[in-house]
Amino acid sequence: MIEGYGAYAERVRLLLGADFICFWSLLPDGSAQVRACSPTDWLDRPFAAPGGEPGVTLARGESARRHLPMQARRVLPGNAREKHLVVHACADQANSGLFAAWLSADAPPSSALLDVLAANWAMVVKGQDKIDRTATAWLQLGALVDALPLGVAVVSSGGRPGRVNLPAAQRLGLPAGEVDSGVLAQALGQWVRAADNHPDFAPEVVEQLAHTPARFVARYRNPESIVDVAITPIAAALGLGWVWLLRDMTKEQQDARRLQQALDEAALASSAKSAFLATMSHELRTPLNALSGFGRVLEDTLENSEQQRQARFVREAAETLTTILNDVLDAAKIEAGKFHLDVRPFSMGQVVDSCASPFRVIAVEKHLDFEALVPQALPELMGDPVRVRQVLTNLLSNAFKFTAAGGVRIVLDRVDEEPDRDREGRVTLRIRVVDTGIGMTPEQLDRLFKPFEQASRSTAALYGGTGLGLSIVKALVDMMGGAVEVRSAPGEGTTFSLLLPFECAVPSAQAAATPDAGEPPMRVLVVDDFHVNRAVLRALLQRRGHAVTEAEDGLEAVDRVCADPPDLVFMDLDMPRLDGLEATRRIRQLEEGRRHTPIVALTGKAFEEDIRRTRDAGMDAHVAKPVQLPDLVRTLRQFRRRR
């Protein structure tokens with residue numbers, strides 16, 4: 001029952017002269033609920049109609065009729081006597097109403113009075129329901145605010161009390177719940193004065209707060225504690241007060257500092273790793289250059305077949321070490337996101353042929369069948385021929401490594417013989433490398449493209465390798481916008497399939513030109529502070545009929561170029577007195593208005609940043625040590641055509 005309405009029910013009972021009065025209303029489930037009554041001891045006493053028929057019950061609200069008199073008798077306590085009474089039920093649209101009983105048979109009050117009382121009761125019930133709903137909503141809202149992890153303080157105007165939840169109370173040093181708004185405003189003022197961007201709140205700023213939101217960061221009591229404070233006016237036009245939100249940012253800021261520190265340390269580690277790899281690359285390429293270069297010179301000049309074979313072993317060992325070094329550097333550049341493709345026109349047929357040439361010798365030595373099938377009518381493509389060659393060489397190398405009998409095939413064909421109109425100018429090629437080697441299990445295929453992974457430990461022991469090659473293949477194919485698939489089974493060989501999309505190159509008469517073998521030899525200046533490197537390059541160049549002069553550092557190189565410009569300069573970078581980059585800059589300044597002298601960087605520094613630095617200094621090309629004969633020949637042809 002509604003607390004406090006018992007007196008109201010008693011006054012109405014006396015007004016009606018009734019022996020019992022009960023106010024009721026319907027619940028959502030359709031049952032009637034007693035909201036107030038007088039006297040209360042009648043609630044649990046039964047009523048019965050004359051003759052024992054079912055009588056009136058207080059749950060009869062749904063079927064109640066206005067001013068419906070009923071004859072009933074009440075069973076009195078303590079004896080078997082019965083008293084007759086008249087019962088009236090008066091309803092307000094069957095949602096609420098009153099129930100009155102008279103022990104005498106006298107007529108009840110007029111229906112008009114009952115109407116007024118019923119209507120008044122309906123208004124009381126509706127008002128009370130709204131109050132109940134509002135109170136419930138406020139309780140729920142209060143519970144929600146108290147459960148928030150951030151501090152919430154409500155400052156009311158007009159002398160009304162404010163409210164703070166537990167986090168705000170702990171932060172402000174106040175009790176949680178209702179708080180005097182003056183005390184609360186004084187406590188919050190300490191945070192305003194501690195604001196980082198508002199050290200002294202001027203009156204106009206306070207006035208502005210009454211109408212517009214504000215936000216600032218404050219440090220109060222504990223300098224290490226950082227709190228984000230947001231102030232929002234409540235119904236600014238009415239001036240009802242403000243809501244303060246206090247969010248502790250201390251851990252967030254600490255995490256941000258730790259994250260930034262970790263990023264800085266990672267950047268330093270990456271920089272240190274790059275510096276180490278660059279140094280390692282330079283230091284390793286210099287002796288490898290000597291091994292590879294002199295190995296080839298000895299292989300070409302020695303007449304004893306056994307000595308030629310030994311020289312070939314030296315050269316192949318140097319080339320193997322160079323391949324491993326290049327794989328490590330490529331993997332590092334790919335991991336650092338510093339690997340870029342050099343897109344230019346190229347012939348896929350020539351790339352496949354250049355890749356296949358060295359493996360034809362291996363096929364003869366291992367008694368394997370080998371064929372390269374390339375369509376004749378392939379257009380010139382736009383792509384990075386060096387990286388395409390790297391991918392194919394890696395796949396062919398693996399095919400020959402793991403094949404002891406049978407053969408290897410590389411098959412190239414187009415998969416878009418009839419391209420759609422909106423795909424004109426593009427070609428998709430399928431390149432398959434098929435071998436009859438040892439094959440792989442499904443478990444081995446799952447880890448095939450992971451860095452430093454090989455099919456098994458026995459594979460590494462029997463065949464060698466770093467496990468980087470195929471991971472680099474996958475990364476390069478992805479960068480080209482293509483896809484790589486593998487089909488294999490133990491004892492049945494392996495097939496690698498590449499799908500590579502290319503744009504067609506615009507035909508160029510210059511690109512179609514071929515060098516004339518009858519052109520005169522070139523005058524070449526070799527600049528390097530290490531005499532072995534100069535001797536290697538001199539031997540390789542002189543065997544092809546070129547005239548070679550040498551310089552030990554950049555200063556000597558500048559003097560020689562100014563005195564008698566050569567046809568081509570191979571320039572090392574790290575040299576005493578004057579390095580290769582500065583020497584190139586001086587040569588470019590001195591030759592203004594004179595013939596341009598091609599300068600090629602020949603260095604152990606092979607990172608992308610190193611190549612960019614050589615271009616910026618004015619060099620025309622970059623060749624990495626140890627110098628490979630095909631790269632040297634290609635560079636000579638490139639600059640001989642420019643003469």
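Which of the residues belonging to the stretch 481-507 are modelled with pLDDT of 90 or more and crowded, with 18+ Cβ neighbours inside 10 Å?
GLY482, VAL484, SER488, GLY493, THR494, PHE496, LEU498, LEU500, PHE502
Taking the stretch 563-607 as the region of interest, how many residues are within 23 Å of GLY293 (Cα to Cα) and touching a Pro at 6+ places or on another chain (Cβ under 6 Å)?
1
Evaluate the following for ASP572: is it under 23 Å from ALA318 (Cα atoms), surrounded by 15 or more Cβ atoms within 10 Å (Cβ to Cβ), modelled with pLDDT of 90 or more and in contact with a Gly (Cβ under 7 Å, 6 or more places away or on another chain)?
Judged against the criteria, ASP572 is a match.
Here are some conditions: (1) open to solvent by 70 Å² or more (accessible area, probe 1.4 Å); (2) not in a strand (DSSP E or B). GLU371 meets all but one. Which one does it not meet?
(2)
Scan the stretch 253-276 and give yes if some residue there is touching a residue at least 40 places away in the same chain (Cβ under 8 Å) and hydroxyl-bearing (Ser, Thr, Tyr), otherwise no.
Yes: the stretch 253-276 contains one or more residues that are touching a residue at least 40 places away in the same chain (Cβ under 8 Å) and hydroxyl-bearing (Ser, Thr, Tyr).
Restricting attention to the stretch 436-460, which residues are at pLDDT 85 or above and small (Gly, Ala, Ser)?
Answer for the stretch 436-460, where residues must be at pLDDT 85 or above and small (Gly, Ala, Ser): GLY437, GLY439.
State the number of residues belonging to the stretch 374-397 that are part of a helix (DSSP H, G or I), of a type in the set (A, V, I, L, M) and open to solvent by less than 50 Å² (accessible area, probe 1.4 Å).
So the count comes out to 5.
Does ARG193 fit the bill of being modelled with pLDDT of 60 or more and surrounded by fewer than 18 Cβ atoms within 10 Å (Cβ to Cβ)?
yes
Is one or more of the residues making up the stretch 547-554 part of a helix (DSSP H, G or I) and modelled with pLDDT of 90 or more?
yes
Does the stretch 333-346 contain any residue that is open to solvent by less than 40 Å² (accessible area, probe 1.4 Å) and at pLDDT 80 or above?
Scanning the stretch 333-346, I find at least one residue that is open to solvent by less than 40 Å² (accessible area, probe 1.4 Å) and at pLDDT 80 or above, so the answer is yes.
Just to verify a result, which residue in the stretch 622-643, among those that are in contact with a helix residue (DSSP H, G or I) (Cβ under 8 Å, 6 or more places away or on another chain) and not in a helix (DSSP H, G or I), is farthest from ASN533 (Cα to Cα)?
The extreme case among them is HIS622.
For every residue, the table says whether it meets (1) hydroxyl-bearing (Ser, Thr, Tyr); (2) open to solvent by 70 Å² or more (accessible area, probe 1.4 Å); (3) in a strand (DSSP E or B); (4) at pLDDT below 80.
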| position | (1), (2), (3), (4) |
| --- | --- |
| ALA119 | no, no, no, yes |
| VAL124 | no, no, no, yes |
| ILE131 | no, yes, no, yes |
| VAL145 | no, no, no, yes |
| ARG160 | no, yes, no, yes |
| GLN170 | no, yes, no, no |
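Only one of (1) within 22 Å of PHE294 (Cβ to Cβ); (2) under 50 Å from the mean Cα position of the chain (by Cα) is not met by ASP610, so which one is it?
(1)
Do any residues in the stretch 226-247 that are over 16 Å from ASN165 (Cα atoms) and acidic (Asp, Glu) have Cβ atoms under 6 Å from those of residues that are at pLDDT 80 or above and part of a loop (DSSP other than H, G, I, E, B), where the two are at least six apart or on different chains, and which pairs are they?
So the pair list comes out as ASP228/MET249.
Which count do you get for residues in the stretch 612-621 that are surrounded by 19 or more Cβ atoms within 10 Å (Cβ to Cβ) and either part of a loop (DSSP other than H, G, I, E, B) or at pLDDT below 90 (or both)?
Residues flagged as surrounded by 19 or more Cβ atoms within 10 Å (Cβ to Cβ) and either part of a loop (DSSP other than H, G, I, E, B) or at pLDDT below 90 (or both) within the stretch 612-621 amount to 2.
For the stretch 339-391, what are the residues that are within 42 Å of the chain's Cα centre (by Cα) and charged (D, E, K, R)?
Of everything in the stretch 339-391, those that are within 42 Å of the chain's Cα centre (by Cα) and charged (D, E, K, R) turn out to be ASP342, ARG344, ASP353, GLU380, ASP384, ARG387, ARG389.
Considering the stretch 562-598 alone, what residues qualify as being in a strand (DSSP E or B) and out of contact with any Phe, Trp or Tyr (no Cβ under 8 Å at 6 or more places or on another chain)?
VAL569, PHE570, MET571
Among the residues of the stretch 546-562, is any open to solvent by less than 20 Å² (accessible area, probe 1.4 Å), touching a residue at least 12 places away in the same chain (Cβ under 8 Å), charged (D, E, K, R) and farther than 27 Å from THR323 by Cβ?
Yes, the stretch 546-562 has at least one match.
The values are calculated or read from the model by the stated rules, or taken from the named source; none is laboratory data. No experiment lies behind these values; they were computed from the predicted model shown. Cβ atoms come from the backbone with ideal geometry, glycine included; neighbour counts cover every protein chain shown. In case anyone asks, the SASA skips ligands and DNA or RNA and just uses the protein heavy atoms, side chains included. Shrake-Rupley method; radii C 1.70, N 1.55, O 1.52, S 1.80 Å.
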